[in-house]
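Have a look at the structure below before the remarks.
Derivation of every value follows stated rules applied to the coordinates shown; laboratory data play no part. Just so it is clear, the model here is predicted, and its values are computed rather than measured. We place every Cβ from the backbone using ideal geometry, glycine too, and count neighbours over all the protein chains shown.
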Amino acid sequence: MLKVDLRRAGLIAVCVLLLGAPASARAFETCPAQPVAQAFRQWGDPSWYTLVPDGGMETRAGAWRLSGAAAFVSGNEPFFVRSPGDLWSLRLPAGAAAGSALTCIQLGHPTLRFFVRNAGAETARLQVSVEFVDLAGVRRSLPVAAVTGKSAWAPTPILPIVLNVASPLNAQQVAFRFAPAGGDWQIDDVYLDPYGKG
């Protein structure tokens, strides 16, 4: 079973609140409409999700920033939740990292979920963080979760994105970073829940 370390979520939420300005000082902005699907319905999750840019790993150019030995590899997650024609996933061995393209979030984007497998040690973790520019113009990165995984593909738990409490009215452009702490990982079909409710 996959697990996630969310012990610091409360502290992170408090820190993020300290970075923001009063909501009344900012104009109301929203994210553009995005296509949604019940990607995790067969795992008892009825929420409607939208794919991050090239979250299915099929374009393999322009959307992801790769470092270390990170690489797109043949072999999709076996559930084919995005499309039965999908062929690719993203491999992240130890020392590698990958950052998604910018995507729009706001108060209605509270969770992240994707598919993962780990061919390495079961004690390894995949660190997931959100990168953004705060209201003072400073680039920041905050942890979202530390995910565990086994050799068989499985969906992650629902991962809250606590950054959203910093800007209850304004849309924000953020990226997600995936970096192994040990292990040999693959990820695929990275989704956001744009509504926060099923």
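Here are a few things to note about the model shown:
- Cβ-based net charge around A97, under 11 Å, with every Lys or Arg adding one and every Asp or Glu removing one: +2
- Over 18 Å [Cα-Cα, segment 28-73], rounded percent: 51
- Taking every alpha-carbon pair under 8 Å whose residues sit at least 6 apart, segment 58-198 reaches a relative contact order of 36 percent.
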